[in-house]
Amino acid sequence: MVSAILLAAGQSKRIGRPKLLLPFDDGIILKRTIDNLLRSKVDEVIVVLGYRAQEVKKLVADRPVKTIFNPDYPRGMSTSLITGLKLVNNRAERVMVALADQPLIGKEIYNKLVEASLNCDTGIIAPTYQAKRGNPIIFSTKYRGELLALEGDVGGQEILKRHPNDILEVAVNSGSINIDIDTEADYYSSQKLASHDRP
């Protein structure tokens, strides 16, 4: 079983407005990311909320996801990851850590990572595009203790630094794994890419 934790608690400080609620393609950024995950082979999606949590929760109430509020979200990404781990199904053998501001990642990439994780003994699965690592990352639950011990505004990348010999890199055919939306420029360029991907 593979559980996905979607980190959606940030304050969008760099862009200056709630980026996950911005219009994107035919919806909003957050719903596009959630829907791509729901179409994939992950077994559950856990959305970690923080900034404007009640508003965001209402917006995703029609999606079959679990939501949890992280009261410590101003203290950084690690607190959201730790919060999300509380809801992971006990039967999960792998945990995918995904970022809500990456709406361009399609189900095919999620599926490729899930399939790789289920067919290897490696503890960490990381996607690469043109030899550059990106997100999401899949962790074996053997790393649960280390993930729970993270502090500050860091995510699972810290675990990769500690265990370079336990990483399987999976090459994908899309630069979307390295595209997140932090600024207005990121937002507009991602919109253009999304429109080009339409059938």
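The values are calculated or read from the model by the stated rules, or taken from the named source; none is laboratory data. What you see is a predicted model, and the numbers here were worked out from it, not measured in a lab. Here the Cβ is made from the backbone with ideal geometry for all residues, glycine too, and neighbour counts use every protein chain on show. Note: areas computed on protein heavy atoms with side chains; ligands, DNA, RNA excluded. Shrake-Rupley method; radii C 1.70, N 1.55, O 1.52, S 1.80 Å.
DSSP assigns beta bridges within the chain; of those with both partners inside it, close to 30 percent run antiparallel. Computed over protein heavy atoms with a 1.4 Å probe, the carbon and sulfur contribution to the accessible area of the chain reaches 47%. Summing Lys and Arg as +1 and Asp and Glu as -1 over all other residues whose Cβ lies under 9 Å from the Cβ of I177 gives a net charge of +2. Only DSSP H runs of four or more residues enter the estimate; each adds -39500 (n - 2.57), and after division by the residues of the chain the mean residue ellipticity at 222 nm equals -9000 deg cm²/dmol. Only protein heavy atoms count here; under a 1.4 Å probe, F139 has an accessible surface of about 0 Å².
Short-range pairs are left out: with C-alpha atoms under 8 Å and at least six residues apart, the relative contact order of the chain is 25 percent. Solvent-accessible surface of the chain, averaged per residue with a 1.4 angstrom probe and all protein chains in place: 49 square angstrom. Distance between the C-alpha centres of the range 127-164 and the range 39-83: 19 Å, rounded to the whole angstrom.
Other residues within the sphere of radius under 15 Å centred on the Cβ of R94, judged by their own Cβ, net out at -2 (K and R +1, D and E -1).
For G27, the shell of other residues with beta-carbons less than 12 Å away shows a net charge of -1, using +1 for Lys and Arg and -1 for Asp and Glu.
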